[in-house]
Amino acid sequence: MEPFIIVAALVIVGVTLSVMVLRGGSSSQSIEERLSELAALGQSVTLEEIELSQPFSQRVLVPMVNALGQVAQRFTPQQTLEATRHKLELAGIAHQVKPVQFLAYRTGGALVLGVMSLLVAFTLPFPFIQQLLIVLVAFMLGFLLPGVWLGTKISKRQEEVSKSMPDALDLLTICVEAGLGFDAAMQKVAEKWDNELSRAFSRTVQEMQLGMLRREALRSMATSLDVADMTSFTAAIIQADQLGVSMAKVMRIQSDTMRMKRRQRAEEKARQAPVKMMFPLVFFIFPTILIVLLGPAVIQVMESGAFGL
């Protein structure tokens with residue numbers, strides 16, 4: 001058990017460092033923005049003071065990650081970079097983390113955990129096979145954990161979009177039936193809520209305002225979300241726009257369909273609940289009940305000496 005405890009401790013350290021880097025990279029301001037803010041307030045500070053005012057992760061960890069990313073980019077195929085970019089877009093963090101940076105996180109996590117496990121494992125009185133196993137497991141976990149985190153973030157974002165689509169489409173349908181255009185209705189939905197779907201609508205409206213065709217902007221939104229309901233909705237809207245069909249009728253049908261699908265998904269999860277509850281019942285609750293019920297009887301039998309105990 002001791003080797004696995006060591007690997008778990010190394011993983012916790014690696015995850016902590018990754019969270020520090022991600023938070024520092026996503027919430028920090030550039031030096032130019034800080035200088036502009038201070039200039040607007042009438043305060044005069046030096047560039048060195050601005051740099052020292054930044055958090056440790058922004059001053060030290062982020063530059064190290066960027067440098068490691070530049071090295072990893074030289075040995076990474078372009079197809080892998082495009083696949084990573086698409087996954088970051090699906091997770092909704094493409095504007096915060098670049099593909100090169102994410103590859104640097106994976107490479108850096110593997111190196112950090114691998115080196116730490118190497119330094120720790122070979123100082124302990126374990127057989128060489130166990131020491132090598134600790135190093136290999138830590139190296140693999142350091143490389144795989146960022147991918148697992150990204151996959152979890154993608155799943156949560158897609159689930160949030162699926163849950164919020166029926167309500168958003170209802171509001172979208174009401175706005176269109178009230179006389180608003182489709183673009184203005186999408187803007188209203190984006191202003192009404194603050195979730196992943198509303199942000200996707202806002203981005204689509206901005207792209208259309210910048211000159212992108214509606215069908216291209218809608219296809220781009222469907223690709224960036226990769227949700228089956230959104231793909232069918234955008235396909236229906238594009239077809240209605242091209243054929244000249246009433247947009248309000250199409251959206252009303254789509255809204256009713258999305259709400260029915262959400263109800264079906266809820267019923268499916270309700271039917272899965274008894275099966276999922278079986279494992280904790282069998283392995284945790286039933287043994288405890290048996291111990292509580294049969295424990296006193298077993299103790300009495302042992303004290304009576306019925307079995308010669």
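The values are calculated or read from the model by the stated rules, or taken from the named source; none is laboratory data. Keep in mind the model is a prediction, meaning the values are calculated, not measured. Quick reminder, even Gly has a Cβ in these numbers, built from the backbone with ideal geometry, and neighbours come from all protein chains shown.
Values as computed for the structure displayed
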item	result
Boolean, Ala168 is in contact with a helix residue (DSSP H, G or I) (Cβ under 7 Å, 6 or more places away or on another chain), buried (at least 19 other Cβ atoms within 10 Å of the Cβ) and not assigned by TED's automatic domain parsing to the domain that holds Leu218	no
Enumeration of residues in region 107-158 that are under 19 Å from Leu81 (Cα atoms) and either hydroxyl-bearing (Ser, Thr, Tyr) or surrounded by fewer than 21 Cβ atoms within 10 Å (Cβ to Cβ) (or both)	Thr107, Ala110, Phe143, Leu144, Leu145, Gly147, Val148, Trp149, Leu150, Gly151, Lys153, Ile154
Of the criteria (1) of a type in the set (A, V, I, L, M); (2) within 32 Å of the chain's Cα centre (by Cα); (3) surrounded by 10 or more Cβ atoms within 10 Å (Cβ to Cβ), which one Val275 fails	(3)
Every pair of residues 6+ apart whose Cβ atoms lie under 7 Å, when the first sits in region 77-97 and is part of a loop (DSSP other than H, G, I, E, B) while the second is surrounded by fewer than 12 Cβ atoms within 10 Å (Cβ to Cβ)	Gln96/Ser26
Which listed residue, of Ile174, Ile134, is out of contact with any strand residue (DSSP E or B) (no Cβ under 9 Å at 6 or more places or on another chain), part of a helix (DSSP H, G or I) and not assigned by TED's automatic domain parsing to the domain that holds Ile93	Ile174
Near pairs, Cβ below 7 angstrom, 6+ apart or cross-chain, from region 207-232 (farther than 20 Å from Gln254 by Cβ) to any residue that is modelled with pLDDT of 90 or more and not β-branched (Val, Ile, Thr)	Glu207/Ala217; Glu207/Ser220
Region 74-125, residues that are of a type in the set (Lys, Arg) and closer than 26 Å to Ser155 by Cα	Arg85, Lys87, Lys98, Arg106
Residue count for region 188-197, restricted to those that are crowded, with 20+ Cβ neighbours inside 10 Å and of a type in the set (S, T, N, Q)	0
So Val245, is it hydrophobic (A, V, I, L, M, F, W, C) and either part of a helix (DSSP H, G or I) or closer than 30 Å to Arg85 by Cα (or both)	no
Complete set of residues in region 208-243 that are under 24 Å from the mean Cα position of the chain (by Cα), farther than 21 Å from Lys261 by Cα and charged (D, E, K, R)	Arg219
Matching option when the condition is out of contact with any Asp or Glu (no Cβ under 6 Å at 6 or more places or on another chain) and within 14 Å of Ala185 (Cβ to Cβ), among Leu243, Leu213, Leu218, Leu225	Leu218
Selected residue (only one of Ala270, Ala236, Ala297 is at pLDDT below 85 and part of a helix (DSSP H, G or I))	Ala297
